[in-house]
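Derivation of every value follows stated rules applied to the coordinates shown; laboratory data play no part. All values derive from a computational prediction rather than experimental measurement. FYI the Cβ positions are ideal-geometry reconstructions off the backbone, even for glycines, and counts take in every protein chain you see.
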Amino acid sequence: MNEKSKKKTPVFVMGHRNPDTDSVVAAAAYAQLKKLLGKDECVAIRGGKLSPQTEYIFERFSVPVPHYIPDMIPKVSYYMKDDVNPVNGDTSLWNAVTQMEAANVKAIPVVNSDGEYSALLNYNAFAHNILQVLNPETETLFSTNIRLIAETLSAQQVLAFNPEELFKCVTIVVADCIETFRKTLALHMPENAVIITGDRKDVQEYSIENRVRALVLSSGTQMEKAMREKAENNGVSVLISPYRSAETAMLVMYSAPVSEMADTKILPVHANDTINYIREFLRESTSRTLPVVDDKNKLLGTISETNLLVDPNVEIILVDHNELSQALEGVENYTIQEVIDHHRLGNLSTKAPITFINRPVGATCTIIVSLYRQSRVPIPKPIASILLAGILADTLVLKSTTATDEDRDTAEYLSNITNLDIETLGRDIIAAGNRLGNRTADEIINQDMKEYQEGKFKYTVSQIEVDSTNELLERRKEILDDLEICRRSREALFCALMVTDVVKLTSVMIIASKPEFLQALEFPRRNNGVFFLRDIVSRKKQLIPLLSEQVQSMS
Ligand SMILES: [Mn+2]
C-alpha cells in the first residue's frame, strides 16, 4: 500500500465524563492544534451533555462543538474493514470469485445497484452451490443470461437476443453424432439450451432450426454467413468462445449471477453494534466474516474474527483527566497516545511509552496554550477566545487557590490577542453557569460529577458554581434524595455535591453517605447532610485531598 491510499487511524481527543468547560475547550483546542500541525486524523470528542456555561462559550465564539460519543465501548465501526470492494448482484460468479482471489479475502459482499447489501459470497456458499450444479445426478439447473455467458467466456458476440433475460441453463456439449444429439435435445426445452459445438454444420443447423437459446462455437470457430443469417432469422444467439469445448462448458456454469450463488441467509451487522453483541453471530457464520451496514442497509464494509485480533482503528488522546474511572467507559480498549492534564495521578497504565504532560496549573487550557506556543503555531482567534474562557471557568476567574502565575500570564496573553476583558468575560461565563432555572437535582449533580476510587471505596464529588448558595440549600432535601439514589446505584461510600459560592469564595457540601463515614467527617456541620467548607473552592486541590485522607483512615 502506498502512503496516499493508506488511511490514517483516527485519533479521538477527549475530556472526561460529565465534561466541564476546561475539558471540552481543551479537547477542541488541542485537536485544532494537531490539525494545524498536519494531523488531520485528530477529532475532538465529548462524552456528555454540555453544561449551559460551555454551550454559551462555544456559541458566543462560533466554535464547532466537539462531536458527541456517549462511550468508547468497542463497536463494530472501530474494528471493521472499510476498504471492501463489493460486487453487484448481476456480476458473474466467475468474476466475483476472481475478485475474491485477487483481494485474498474469504468472503465478498454482494450489493444491489443502490449499494444496499443483499448477500455474502463465501467459499462455503460457493462450494455448496457449484456442487449442486456440477453433480450430474441432481441435474440442477442454474440461471444465467447471454451477457453473463459472453462475459465469462470473453466470447466474441455474433448475435445476442435479449442478453439480460435470465433463463434456466442446460449446457449440452455435442461430441456425438447428429442422431444422438437430436435425442438429447428432445429431452430439454430449447429456450433453456446452450449448445457448445465446433465446426459441425449439421449440429449448428439443427440447433438453429430448433430455436435453442444460444449456440456457442468453441476454439474460436467461425460461423458461415448463410448460417448466421439463419440464426438471426430464428432469434438464436451466437457466441464464439476462445476456449475448447470442455473449458467452455465449465466456464458457462460459472456465468451464473453471483446473487444466486451467494448466501442470502447471512444477516448484516450494524456499525454501531457492540463487539460483544456481534461476537456470537460471527462465531456462527461459516466464513467468520459478516457484512456491516448503516441504518439504510448500505454496505460499509466487513468484520471478521481476524479484525478483532488486531488493534482497533481508533486511538485516543486524553485531556483534563488521567483516571480511568473519569474517562469514557471503554477507553482501556484503545491505544492512548497522549495525556494532557492537571489533576492528581490515578491508575492509568499503558503498554508503550506515551507523551504524558501533567502540570499543577489551574486549567488544562493553560497547558494547551503553552503547547501552541512551543509548536510556534499562532492560535486562531476563536480558539484563543474559548481557551481564555476555559481558564477563567476552571480558576473562578483566576481567584481560585489553584490559579498559578502561569494561568494569570496566559490569561493576560489571550486577553491581549482577543481584546477580551478578563473581568467582563469572567462575569459573563459565571452568569451563564449559574442559570439553575428549572434544572432537576439529577441534572445539577450529573453536570460535573467525578468518581474516585480509594482502595476498596468508591465515591463521587460533583461541583457547581453559584453566586449565592441559598437557592440550592433551599432544595437540600431534593438534592440529598437524589445523591442517595446515586450512591446506592453505584454502591459508593458517599456521593457529594460541592456548591461553590464564587462571590464569597467559599463552599458548602451536600452529602449522602454511609453513616460511618459521615461521623468521621471533620467539617463543621450545618444541618443533616450539609457541611460548611470554609474558604474551600477547589475540588481538586483542597477538597479531594481532605476527603481522600478521611476515606483512607477508614480502611
Ligand atoms: Mn480542568
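Values for this structure:
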| item | result |
| --- | --- |
| Cleavage-rule hits, trypsin sites (Lys or Arg not before Pro), the range 461-549, DSSP coil, Cβ neighbours within 10 Å at most 11 | Arg534 |
| Under 11 Å, Cβ to Cβ, from Glu406 - net charge with Lys/Arg +1 and Asp/Glu -1 | -2 |
| Cut-off 14 Å between beta-carbons: net charge of the residues surrounding Ala96, Lys and Arg +1, Asp and Glu -1 | -4 |
| Percent of beta bridges antiparallel (DSSP, the chain, rounded to nearest 5) | 50 percent |
| Selected from Asn18, Ala403, Gln157, residue furthest toward positive end of dipole (the chain; charges at beta carbon) | Ala403 |
| Backbone HN-Hα couplings from phi across the range 285-291 [Karplus 6.51/-1.76/1.60, Hz, Gly and Pro as x] | 6, 4, 8, 6, 9, 10, x |
| The range 444-530: GluC sites (Glu not before Pro) in DSSP loop, at most 13 other beta carbons within 10 Å | Glu491, Glu522 |
| Per DSSP, loop trypsin sites (Lys or Arg not before Pro) in the range 359-403 with at most 11 further Cβ within 10 Å | Arg376 |
| 10 Å beta-carbon shell around Tyr68, net charge (K/R +1, D/E -1) | +2 |
| Which listed pairs, of Lys39/Lys456; Lys7/Lys458; Lys399/Lys450; Lys81/Lys296; Lys39/Lys381, have C-alpha distances above 30 Å, in listed order | Lys39/Lys456; Lys7/Lys458 |
| Calculated FRET efficiency for the pair Ser143/Lys106, C-beta based, R₀ 30 Å, to 0.05 | 0.75 |
| For Val503, Val111, Val537, order by how many other beta-carbon atoms lie within 10 Å, fewest first | Val503, Val111, Val537 |
| Leu309/Lys183 FRET efficiency (R0 60 Å; Cβ-Cβ; nearest 0.05) | 0.55 |
| Full-extension gain in nm, Thr335 to Glu165, via 0.36 nm per residue minus C-alpha separation | 55.9 nm |
| Packing rank of 401-407, 21-27, where each peptide gets the mean count of other beta carbons within 10 Å, highest leading | 21-27, 401-407 |
